Amino acid sequence: MKIAFKLNFRLIAIHLLASLFLLIAAKRFALLYDFEFVESLYKYGYPEFIKHLHTENDTITMGERMATTILAIAIANLIALVTSFSYSLFISIKRKAFWLNSFLVLLICYSINILSLLDISIIKSTTNIVGNIFISYGLKYAIIINGIFNLLISVFLFFNKRIIRFIFMQKIT
């Protein structure tokens, strides 16, 4: 049987969307790793934030702080990709769908992440809309609320019974 007939495009589309929301949530939570660094960058912009950043320990350089923050985001991205692939594969195997669907979701999500397409301003402003309501309480709260909001959307898309029935074309009750 041809592979194209085994592909479930509804599964690929919805799991891709859920995986992207999970990836965005992971990026938001990774920003909390060195929050003082991120907050200084947010307040003062790129060239000026170094002047306003305080380090308690002189052995840690600015380059090391930047590298560890970038590394934390990269590790969070990897964890989100593996987790979303696992969820997608689990649901596919449980519903006896073709495993290549989940693998395609992983490849597309990985490509979107590598190409930094999630960093486009319209996507950032759309996924940050809930947290921006709480920005007056502080940047940390806005980041946490954005992360939780994106995580909840991802979990909803992965595990909602109506969506699973829609993916596998069962009768929706």
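Rule-based calculations on the coordinates, nothing more; no lab input. What you see is a predicted model; the values in this text were computed from it and never measured. Every residue, glycine as well, gets a Cβ built from its backbone with ideal geometry; the counts of neighbours run over all protein chains shown.
Under the combined filter of DSSP loop state and at most 11 neighbouring Cβ atoms within 10 Å, the range 68-155 retains these trypsin sites (Lys or Arg not before Pro): Lys96. Remark: spin-label model distance Leu117-Met62 equals 3.5 nm, labels positioned 7 Å along the Cα→Cβ axis. The relative contact order of the chain, computed from alpha carbon pairs under 8 Å that lie at least 6 residues apart in sequence, is 39 percent.
Just to be sure I follow the definition: excluding the sites themselves, where is the longest run in the chain that has none of the GluC sites (Glu not before Pro) in a DSSP loop with at most 16 other Cβ atoms within 10 Å? Provide the component values of the computation, followed by the final result.
Working: sites that count: Glu48, Glu56.
Segment 57-173 is the longest.
In the chain, helices alone account for a calculated mean residue ellipticity at 222 nm of -23500 deg cm²/dmol, with every DSSP H run of four or more residues adding -39,500 (n - 2.57). Each principal axis of the Cα atoms in the chain has its own extent, and those three values, largest first, are 63, 31, 24 angstrom.
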